Amino acid sequence: MTDNIRIRQALTKIAWAYVLLYLDFNLGVNGHSLNVLPNWAGYLLIFSAIALLGERLRDLLLLKPFCILLGVVSAVDWIWVLLTGQELTGRFFLFFILIACVGIYFRFQMLTDLALLAEECDARANSLRSCRNVEAVIQVILMLPLPWEEHATLSIIYGGLLVAGLIVCAFIIYQLFVLRNHFPAEETSEP
């Protein structure tokens, strides 16, 4: 498999992983609501993409342990929701905050490395970096322990941040597919 094909496959996997990480489609199972697009599947896609990009982006390999941690925690939560209807990590506030911080760092660093790849092939690396920054800021603001539901103004701000986060995520996915198109699926033979 050529380098271009590996990179193209990895970028496709990361783009679809973002879809899995940001979209929740819940289905009622045993009286519980279960996400049919589990986050652990997204982390599994990213883990396999890291393996494909490892030769080209060596710093990306440093994110493997974080990817494994986030995937395992997500899988445990998913199974726990299936069995009990509640997330397990939500019961342990400090652990929940730690995992959320690791998730923000992981996505930030992954997009940083992908922006370097975009820079190499003269794709729009700055727009990917801008989206990375906005996504991180939105995630941090949403983690603040504010009474989001108690005040009407804060509820509106919270809803606006959620919508802005979805728009940024959609733009990141779009940019990943655009970047993927800089790497042809088939090698062209030169005469």
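Suppose we keep only residues that are surrounded by 13 or more Cβ atoms within 10 Å (Cβ to Cβ) and of a type in the set (Ser, Thr, Tyr) within segment 134-183. Which one would you say is farthest from TRP16 (Cα to Cα)?
Here the answer is SER155.
Kindly establish whether LEU146 is aliphatic (A, V, I, L, M) and not in a helix (DSSP H, G or I).
Answer is yes for this residue.
Can you name the condition, by its number, that TYR22 falls short on among (1) surrounded by fewer than 18 Cβ atoms within 10 Å (Cβ to Cβ); (2) among the aromatic types (Phe, Trp, Tyr); (3) at pLDDT below 90; (4) closer than 21 Å to ILE172 by Cα?
Looking at each condition in turn, TYR22 falls short on (1).
Can you name every residue in segment 70-89 that is in a helix (DSSP H, G or I) and in contact with an Asp or Glu (Cβ under 8 Å, 6 or more places away or on another chain)?
Within segment 70-89, ASP77, TRP80, VAL81, THR89 qualify.
Within segment 82-119, take every residue that is small (Gly, Ala, Ser) and either exposed (fewer than 14 other Cβ atoms within 10 Å of the Cβ) or over 19 Å from the mean Cα position of the chain (by Cα) (or both) and give me the one that is farthest from LEU37 (Cα to Cα).
Among those that are small (Gly, Ala, Ser) and either exposed (fewer than 14 other Cβ atoms within 10 Å of the Cβ) or over 19 Å from the mean Cα position of the chain (by Cα) (or both), it is GLY90.
Is it fair to say CYS131 is surrounded by fewer than 17 Cβ atoms within 10 Å (Cβ to Cβ), of a type outside the set (Lys, Arg) and either within 20 Å of CYS67 (Cα to Cα) or touching a residue at least 40 places away in the same chain (Cβ under 8 Å) (or both)?
Criteria not met by CYS131.
Conditions: (1) assigned to a helix (DSSP H, G or I); (2) within 25 Å of TRP40 (Cα to Cα); (3) modelled with pLDDT under 95; (4) out of contact with any strand residue (DSSP E or B) (no Cβ under 6 Å at 6 or more places or on another chain). ALA118 meets all but one. Number of the miss?
Of (1) assigned to a helix (DSSP H, G or I); (2) within 25 Å of TRP40 (Cα to Cα); (3) modelled with pLDDT under 95; (4) out of contact with any strand residue (DSSP E or B) (no Cβ under 6 Å at 6 or more places or on another chain), only one is false for ALA118: (2).
Starting from residues that are surrounded by 15 or more Cβ atoms within 10 Å (Cβ to Cβ) and over 27 Å from ILE7 (Cα atoms), keep the ones in segment 33-79 and report whichever is modelled with the lowest pLDDT.
LEU34
Quick one: is PHE66 in contact (Cβ under 8 Å) with a residue 40 or more places away in the chain, in a helix (DSSP H, G or I) and within 19 Å of the chain's Cα centre (by Cα)?
Taking the combined requirement at face value, the residue satisfies it.
Scan segment 28-70 for residues that are over 19 Å from LEU11 (Cβ atoms) and small (Gly, Ala, Ser) and jot them down.
Within segment 28-70, GLY28, GLY31, SER33 meet the criteria.
Is there a residue in segment 45-65 that is in contact with a Gly (Cβ under 9 Å, 6 or more places away or on another chain) and of a type in the set (Ser, Thr, Tyr)?
Taking every residue of segment 45-65 in turn, none turns out to be in contact with a Gly (Cβ under 9 Å, 6 or more places away or on another chain) and of a type in the set (Ser, Thr, Tyr).
Only one of these is closer than 30 Å to ARG56 by Cβ, hydroxyl-bearing (Ser, Thr, Tyr) and free of Cβ contacts under 8 Å to residues at least 24 places away in the same chain: THR112, THR89, THR153. Name it.
Of the residues listed, the single one that is closer than 30 Å to ARG56 by Cβ, hydroxyl-bearing (Ser, Thr, Tyr) and free of Cβ contacts under 8 Å to residues at least 24 places away in the same chain is THR112.
The values are calculated or read from the model by the stated rules, or taken from the named source; none is laboratory data. Just so it is clear, the structure is predicted and the values come from calculations on it, not from any experiment. Positions of Cβ are generated from backbone atoms using ideal geometry, with glycine treated the same way; all protein chains shown enter the neighbour counts.
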